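Peer 1: To start, I am sharing the structure in question, which I have written as structure tokens.
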Amino acid sequence: MKEASIDVVVIGGGPAGMMAACIAAEQGACVVLLEKNLILGKKLLITGGGRCNILHADFDTHSLVGKYGKKGKSLYSTFSLFDAEATWNFFENAGLKLKIEAEKRAFPVSDSAEDVQRTLLRILKKMNVEIRTGIEVKRIESNEGSIKKIVHTSGEIEAKKYILATGGKSRPETGSTGDGFVWAQTLGHTVVQPSVALVPVTVSDSWIKDVAGISLKDAQLNVWQDKKKCASKNGKMLFTHQGLSGPLVLNMSKNIGALLEEGEVIVTIDLYPKMDAGTLDRHMQKIFDDGKNKMMKNHIGDLVQPRLGQVLLTLAGIEPLTPLRQLTKEDRKKFGALLKGIPLTISGLLGTDKAVVTGGGVDLKEIEFKTMQSKKIKNLYFAGDILDFDRPSGGFSLQICWTTGFVSGRSAGLLH
């Protein structure tokens, strides 16, 4: 392909960039995809623990938009062109079978992120997209409100239109180092300061390492500051060697981070959110009566995971070898109180290197969402995590990639 014949250059070979390149080429455009890594979709391969939570299978656009908060309103026009159902059909029609699990999280039936990557690579090849890996963009040159050329490690490249799909600043080892933010600012765009958005939290309590790896399927996380409850949500969470992770924690991390700037933050974990204290106490009494001749440490598994139970016994000041028949009412109340509210002191958030996504990005007011075209540079389009959206975990970030990738690709690929 001669350089002069290029219609569209896509910068960034992640999910948004791959989708944009596929769709631009489908319109008949000659497309070149630039990626600084040696492979495409490097971050995609680690999403969902390698399973790839490919989308949030909510096929009601109004409901889906609501999950993105106030900024989500910008997505109505893009979702009208390519929504969650269209995304599902796109991959299924391409031969990738999907399934829906709890909380409308969709995954490949194979539970393999590599299959998602392979599907996109197959479409790129079918559409004759020229893929250039190991190419690092150095600068983007513009003049009179239009990009003129891209200067990269192997030379220069020119095209009629350009799509910027470089991602945010999360997981920099995968290539998301915020380069796109710098280029966007150079081109005159406003970039909202990036911040960690979905990230594990660290705690100062030393016992946390003793319960690392334990997951809770349905816990309630309550966030406190100055003895006032600031937030409360239910969901799945995970104890780590440093603190807490899992969907529930990730989705609350941005609020926790904001509170930390104001002072000390305490969280409490309710292991029995569907029972009030009285109901839980009666439940405990029955369990203890049934096993009254057993020691506390050997019967605790009926109430809580044994390793976590041992920690709670220590926090409650209860000797693990205590026979259940000798357990006092006061001891039972102390243990029950912990089951309803394990206290932890938050020490911080892990950095962007551990964040699932980062907040911040190109200001949404400077983008025409019906086309994903820049309002400042006439031949520039945006797609993916480079945009300033707030999104929870559970396939919402990838959905933005698929949708904005599709719309930017379709718009930039039109040759008239």
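Peer 1: Once the Cα gyration tensor of the chain is found, what semi-axes does its equivalent ellipsoid get, as square roots of 5 times the eigenvalues, in whole Å, sorted largest first? Don't jump to the answer; show the numbers that get you there.
Peer 2: Numbers: eigenvalues 479, 86, 62 Å².
Result for the chain: semi-axes of 49, 21, 18 Å.
Peer 1: What's the FRET efficiency of Leu38 with Gln193 using the Cβ-Cβ distance as r and R₀ = 25 Å, to the nearest 0.05? Before the final figure, lay out each step's value.
Peer 2: Working: r = 31 Å, r/R0 = 1.23.
Once rounded, the FRET efficiency stands at 0.25.
Peer 1: A 18 angstrom limit on the alpha carbon distance is what I want to check against. Which of Lys233/Lys274; Lys42/Lys71; Lys104/Lys254; Lys274/Lys340 exceed it?
Peer 2: On the way: Lys233/Lys274 13 Å; Lys42/Lys71 28 Å; Lys104/Lys254 23 Å; Lys274/Lys340 10 Å.
The pairs that break the limit, which is 18 Å between Cα atoms, are Lys42/Lys71; Lys104/Lys254.
Peer 1: Let me ask something additional. Along each of its three principal axes, how wide is the spread of alpha-carbon positions in segment 200-350, in whole angstrom units, largest first?
Peer 2: 49, 28, 25
Peer 1: Further, regarding this structure: Mind listing P(r) for segment 306-416? All alpha-carbon pairs, 10 Å bins, whole percents.
Peer 2: 11, 27, 15, 12, 13, 12, 8, 2, 0
Peer 1: Using the structure shown, select from Lys36/Lys125; Lys36/Lys376; Lys209/Lys334; Lys70/Lys365 the pairs with a Cα to Cα distance greater than 24 angstrom. Spell out each step's value before the answer.
Peer 2: On the way: Lys36/Lys125 19 Å; Lys36/Lys376 26 Å; Lys209/Lys334 22 Å; Lys70/Lys365 13 Å.
Those over the limit are Lys36/Lys376.
Peer 1: In addition: How much length, in nm to one decimal, is gained on full extension between Asp226 and Thr153, taken as 0.36 nm per residue of separation minus their Cα-Cα distance? Walk me through the intermediate numbers first.
Peer 2: Working: separation 73, 0.36 × 73 = 26.28 nm, distance 5.29 nm.
Full-extension gain reported as 21.0 nm.
Peer 1: While we're on this one: Could you name the lysines whose alpha carbon sits less than 16 Å from that of Lys149, not counting residues in the same chain fewer than 8 places away?
Peer 2: Filter leaves Lys2, Lys138, Lys160, Lys161, Lys378.
Peer 1: Among DSSP bridges having both ends in the chain, what percentage is antiparallel? Round to the nearest 5. Kindly include the intermediate steps, with their values, before the conclusion.
Peer 2: Details: 49 of 65 bridges.
Antiparallel: roughly 75 percent of the beta bridges in the chain.
Peer 1: Treating each Cα of segment 220-269 as an identical point scatterer and ignoring solvent, apply the Debye formula and state log10 I(q)/I(0) at q = 0.13, 0.32 Å⁻¹.
Peer 2: These q points yield log10 I(q)/I(0) values of -0.27, -1.34.
Peer 1: Place the peptides 325-331, 82-88 in order of packing, highest mean first, counting for every residue the other Cβ atoms within 10 Å and averaging per peptide.
Peer 2: Details: 325-331: 12.4, 82-88: 20.7.
Per-residue mean Cβ counts within 10 Å order the peptides as 82-88, 325-331.
Peer 1: Continuing with this model, one more query. For Ser347, put the label point 7 Å out on the Cα→Cβ axis and report which residues of segment 258-283 keep their amide N under 12 Å from it.
Peer 2: Within reach of a label on Ser347, which here means backbone N under 12 Å from a point 7 Å along Cα→Cβ, segment 258-283 contributes nothing.
Peer 1: Using per-residue counts of other Cβ atoms within 10 Å, averaged over each peptide, order 22-32, 68-78, 36-46 from highest down. Kindly include the intermediate steps, with their values, before the conclusion.
Peer 2: Numbers: 22-32: 22.8, 68-78: 15.8, 36-46: 18.3.
Top to bottom by mean Cβ count within 10 Å: 22-32, 36-46, 68-78.
Peer 1: Now, a different point. Per residue of the chain, what 222 nm ellipticity follows from adding -39500 (n - 2.57) for every DSSP H run with n ≥ 4, rounded to the nearest 500? Intermediate results must be reported in sequence, preceding the final value.
Peer 2: Details: 12 runs with 126 residues, N = 416.
Rounded to the nearest 500, the figure is -9000 deg cm²/dmol.
Peer 1: Here's another thing I want to ask about it. So how do 198-211, 233-246 stack up, highest first, on mean other-Cβ count within 10 Å?
Peer 2: Order by mean packing, descending: 233-246, 198-211.
Peer 1: Say R0 is 35 Å: what FRET efficiency, to the nearest 0.05, do Met295 and Asn234 get from their beta-carbon distance?
Peer 2: 0.60
Read the figures in this text as sums done on the coordinates, not as results from a lab. Remember, it's a predicted structure, so these values are computed and weren't measured experimentally. Heads up, the Cβs are rebuilt from the backbone with ideal geometry, glycines too, and the neighbour counts pull from every protein chain shown.
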